[in-house]
Structure formats: C-alpha cells, structure tokens
Amino acid sequence: MDIDWDLVASSFWPMVQGGIRGTIPLSLASFFLGLVLALIVALMRLSGNKVISAIARGYVSVIRGTPLLVQLFVIFYGLPSIGVVIDPWPSAIIAFSLNVGGYAAEVIRAAILSVPKGQWEAGHTIGMSPVTTLRRIILPQAARVSVPPLSNTFISLVKDTSLASLILVTELFRQAQEIAAFSQEFMVLYVEAAVIYWVFCLILSSGQSQLEKRLDRYVAH
C-alpha cells in the first residue's frame, strides 16, 4: 500500500489541534468533575447509614454495568425524548464525568480503607475532628495509593473521548473522520490518529510517574 505522506503531513496539525482544543479539555473537565463525584460517592459507600451506602452502591453498579457508549447516547439522544435537550459538549462532559465517578469511587474507597486505622486514632489523639483528620491525614495518604489506578482511568478517558465524535463533538478522532471522509484514505489517517493518541498517553504516563514521586512523602512508614 502506497502511503500519501503529503496527506499525513497536512493532516497532522489539524488532528493535534483537535486533541489540544477538544480531547484534552474534554478529558480534564470530565476527570475533575468525575473525581469530585467519586470522592462523594466513596464517602457515601463508607457511610454507616445503610440508605446512603445503598444509593452509592446502586450508582456504581449502574455505571460499571452499562457501556459508556450507551450512557453517552442516553444523555444526548435519549433525554430529548422527555424534553431535556443538552448540547453535544455538555452531554459529553456529563456522560464521561458520571462514568469516571462510578469507576474512580471504588478506587478512592479502597485507597481510604488501605490507610491504617491508627492514622484515624492519631488524628483523634491530637484533637482533630473526623473531617479534619480525613482531609489532612487520610486523604493525602490515600491519594498516593490511588494515583496509579486513577492515572490509568484518566488515560483510558483520553482514549474514550473518541466516542464523543458520535454526538458531533469536534475532537481528535472527529478531525480524523472528516479528513478521511474527504480523502478516502481511511487506513492511513486512522493509524495516524492512533499514533497521536499513543503519544498523548505516553506524555500522561510520564506525568503520572512524576506525580507518584511527589506524593511519596505522604506515605506513612
């Protein structure tokens, strides 16, 4: 197969722009909101209140038990049938945030449980309230434990944002689709898009390693 290198070169920057302007902002916004939701759900799961805990378990079960694509379609294509119309970008952010929240909640819950109970007792001994102990002692240590799985969740999210092209969100893969539809060079352009995604993920993996080193100081030895 002859490769049109001129096409590869000319399509490279538009795809990268799609990643910078679409994929990365979409991933960051969804991941941040998803983490906030995940922390809330994780604390609900750890609650002694059975109703609150059951609600959190139900949410996690639904999110982890249904495909992300279906969740995306329910929000963008399904809600309008009951009178709720949401634009493509907010729809994508809502769907991805809910998905991240469901998966990351279990990661955060496990990380909190991994902190020795003695740390809670130490906070109580020096006069800290449970909330202060959680914020200043438990969560920093849990963060170190949760960084690798949460980083993997973020990297997966960066790749999953390609699904947003199905609801008309312009990002990296959407750009590849548009150029491929015009040039009919589907194989070359989709492989090029895959390589760009791969480079993005390599950069993120490097950042993950640096973050782990910085959080080492919070680990109790």
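The values are calculated or read from the model by the stated rules, or taken from the named source; none is laboratory data. Given the structure is predicted, the values throughout are model-derived calculations rather than measurements. No Cβ is skipped: glycine too gets one built from the backbone with ideal geometry, and neighbour counts run over all protein chains shown.
Below, the figures for the structure above:
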item	result
Residue pairs meeting the criteria (Cβ under 7 Å; at least 6 apart or on separate chains; first under 18 Å from Phe200 (Cα atoms), in the stretch 4-21; second modelled with pLDDT under 90 and surrounded by 13 or more Cβ atoms within 10 Å (Cβ to Cβ))	Gly18/Thr170
Enumeration of residues in the stretch 120-138 that are within 17 Å of Ala42 (Cβ to Cβ) and surrounded by fewer than 14 Cβ atoms within 10 Å (Cβ to Cβ)	Pro130, Val131, Arg135
Cross-chain or 6+ apart pairs with Cβ under 9 Å, the stretch 79-91 first and over 16 Å from Thr170 (Cα atoms), then assigned to a loop (DSSP other than H, G, I, E, B)	Leu79/Val85; Leu79/Ile86; Pro80/Ile86
Selection count where residues are surrounded by 11 or more Cβ atoms within 10 Å (Cβ to Cβ) and in a loop (DSSP other than H, G, I, E, B), scope the stretch 79-91	2
The stretch 1-58: number of residues that are of a type in the set (S, T, N, Q) and buried (at least 20 other Cβ atoms within 10 Å of the Cβ)	4
Residue that is farthest from Asp6 (Cα to Cα) [pool: residues in the stretch 146-180 that are part of a loop (DSSP other than H, G, I, E, B) and in contact with a Gly (Cβ under 7 Å, 6 or more places away or on another chain)]	Val169
Sole exception among (1) over 25 Å from Asp6 (Cα atoms); (2) among the β-branched types (Val, Ile, Thr); (3) modelled with pLDDT of 90 or more; (4) part of a helix (DSSP H, G or I) for Val199, by number	(1)
Failed item in (1) at pLDDT 95 or above; (2) of a type outside the set (Phe, Trp, Tyr); (3) closer than 17 Å to Lys159 by Cβ, with Gly22 passing the rest	(1)
Enumeration of residues in the stretch 178-191 that are surrounded by fewer than 18 Cβ atoms within 10 Å (Cβ to Cβ) and within 26 Å of Val70 (Cα to Cα)	Glu178, Ala181, Phe186, Tyr190, Val191
Candidates Ile112, Ile94, Ile108, Ile75 - the one that is of a type in the set (A, V, I, L, M, F, W, C), out of contact with any His (no Cβ under 6 Å at 6 or more places or on another chain), under 17 Å from Asn152 (Cα atoms) and outside any loop (DSSP other than H, G, I, E, B)	Ile108
Checklist (1) at pLDDT below 75; (2) more than 19 Å from the chain's Cα centre (by Cα) applied to Glu212, failing item	(2)
Complete set of residues in the stretch 1-19 that are more than 10 Å from Ile179 (Cα to Cα) and not small (Gly, Ala, Ser)	Met1, Asp2, Ile3, Asp4, Trp5, Asp6, Val8, Phe12, Trp13, Val16, Gln17
Single residue of Ile137, Ile196, Ile126 found to be among the aliphatic types (A, V, I, L, M), touching a Gly at 6+ places or on another chain (Cβ under 8 Å) and without any contact (Cβ under 8 Å) to a residue 40 or more places away in the chain	Ile137
